[in-house]
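K.L.:
My structure is below; once you've seen it, I'll send some questions.
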Amino acid sequence: MNVGNNNKDIVEDMDNTVKQGQKRGYEELLQGNRDWVQRELNEDPDYFTKLASGQEPDVLWIGCSDSRVPANQVTNTKPGQVFVHRNIANVCVHSDMNMLSVLDYAVNVLKVKHVIVAGHYGCGGVAAALSNKQYGVIDNWLRHIKDVYRLHSNELNRISDEKKKLNRLVELNAMEQVYNLCKTTIVQNAWRERADLEIHGWVIDLGTGLVKDLGVTVKNSDNLDKVFALDKSDIK
Ligand code: CO
């Protein structure tokens, strides 16, 4: 989703995204697949034999579903290096079984060392959350971002420029999702067992392609608000 100066722009940009998708014909996708396979085989005849043998990614990427922020391209990594979960506006809520399952598998089975929440400037999901317009079922999902706004309303209400306000909310949303991950039993229990798990917050600038590290990396439960800190589990 792209972002505009008002709701109408956002809806038009959503329409344009669909139109661009339609330009790439179905057959073109299948041909694209064959081209990619051939390109990889030209470089390494054993590429797919190795790929099929298993994965050992060090990174879990939780990003926006926006078609312009693919994890591998943004980080210049190859298939097998980044475990990926994406949803609209990279939201991490503790009642989302999909996100929790990905997080649990990544942290406890794959033993990833880095979890990156990656937002992006111009996020249509965050822009929609800033507006008062109804978009449908998605409004319930975007409520989580309105909650982020409520937490930081003092700061955000002082920003009069709408684009700057949106971009700051994009940053604050990524940060809050980092903190949400830290509050899960999955991450808290993992930190009891190992010291090499870090949770990071990033924002991608679509205008430059560059990542901004928000500097909110969390490596342990030390600064967790007391009400969220959980004792060691007796269950098991
Ligand atoms: Co987005």
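Values in this text are rule-based calculations from the coordinates and carry no lab data. Keep in mind that this is a model prediction, so the values were computed, not measured. Glycine also receives a Cβ, built like all others from the backbone with ideal geometry; neighbour counts cover every protein chain displayed.
K.L.:
So if we plug the beta-carbon distance of Asn223 and Asp139 into 1/(1 + (r/R0)^6) with R0 = 35 Å, what FRET efficiency do we get, rounded to 0.05?
P.N.:
With a Förster radius of 35 Å, E is 0.60.
K.L.:
Once the Cα gyration tensor of segment 88-173 is diagonalised, what are the square roots of 5 times its eigenvalues, in whole Å and ordered largest first, as equivalent ellipsoid semi-axes?
P.N.:
Output for segment 88-173: semi-axes of 27, 15, 10 Å.
K.L.:
Still on this model: With r defined as the distance between the Cβ atoms of Glu155 and Arg192 and R0 fixed at 25 Å, what FRET efficiency is calculated, to the nearest 0.05? Mind dumping the intermediate values first?
P.N.:
Working: r = 34 Å, r/R0 = 1.35.
Efficiency, from the Cβ-Cβ distance: 0.15.
K.L.:
Ok, one more. Report the full-extension gain for the segment Asp213 to Lys164: residue separation times 0.36 nm, less the Cα-Cα distance, to one decimal in nm.
P.N.:
Numbers: separation 49, 0.36 × 49 = 17.64 nm, distance 1.77 nm.
This chain segment gains 15.9 nm when fully extended.
K.L.:
Run through the DSSP bridge list for segment 55-236 and note the antiparallel percent, rounded to the nearest 5.
P.N.:
Details: 4 of 22 bridges.
Beta bridges within segment 55-236, antiparallel portion: roughly 20 percent.
K.L.:
Can you classify segment 94-137 as rounded, prolate or oblate using the Cα gyration tensor, where a ≥ b ≥ c are the square roots of its eigenvalues, rounded means a/c under 1.5, and otherwise it's prolate if a/b beats b/c and oblate if not? Please list the in-between numbers first.
P.N.:
On the way: a/c = 5.15, a/b = 2.05, b/c = 2.51.
Note, shape of segment 94-137 comes out oblate.
K.L.:
Here's a follow-up. If the chain were replaced by its equivalent ellipsoid, with semi-axes equal to the square roots of 5 times the Cα gyration tensor eigenvalues, what would those be, largest first, whole Å? Write out the running numbers ahead of the final one.
P.N.:
On the way: eigenvalues 173, 161, 42 Å².
For the chain, the semi-axes come out at 29, 28, 15 Å.
K.L.:
Further question on the same structure: Which residues' amide hydrogens lie under 5 Å from the amide hydrogen of Lys111, considering only partners 5 or more residues apart or on another chain, with H built in the peptide plane?
P.N.:
Excluding prolines and chain starts, which carry no amide H, there are no hits.
K.L.:
Kindly state, to the nearest 0.05, the FRET efficiency for Leu41 paired with Asp147, given R0 = 35 Å and r defined as their beta-carbon distance. Let's see the in-between values first.
P.N.:
Numbers: r = 48 Å, r/R0 = 1.38.
So, using R0 = 35 Å, E works out to roughly 0.15.
K.L.:
Something else about it: Under a 10 Å cutoff between Cα atoms, tell me which one of Arg168, Arg86, Arg150 has the largest fluctuation in the Gaussian network model of the chain.
P.N.:
Result for the chain, Cα springs under 10 Å: Arg150 fluctuates most.
K.L.:
Same structure, new question: Below 8 Å between Cα atoms, with a sequence gap of 6+, how large is the relative contact order for the chain in percent?
P.N.:
With pairs under 8 Å counted, the relative contact order is 19 percent.
K.L.:
What number comes out for the charge environment of His200, summing +1 per Lys or Arg and -1 per Asp or Glu over other residues with Cβ under 11 Å away? It would help to have the intermediate numbers written out before the result.
P.N.:
Numbers: positive: Lys113, Lys219; negative: Glu198, Asp213.
That sum, taken over residues with Cβ under 11 Å, equals 0.
K.L.:
Going by average Cβ neighbours within 10 Å, how do the peptides 43-53, 87-97 rank, with the highest at the top?
P.N.:
On the way: 43-53: 10.5, 87-97: 18.5.
Peptide ranking by packing, descending: 87-97, 43-53.
K.L.:
Out of Asn90, Val170, Gln134, whose Cα points farthest toward the positive end of the dipole of segment 55-236 (charges: +1 Lys, Arg; -1 Asp, Glu; placed on Cβ)?
P.N.:
Gln134
K.L.:
Enumerate the amide H contacts of Ser65 below 5 Å, restricted to partners 5 or more residues apart or on another chain; note that Pro and chain-start residues carry no placed amide H.
P.N.:
Asn87, Ile88, Ala89, Asn90
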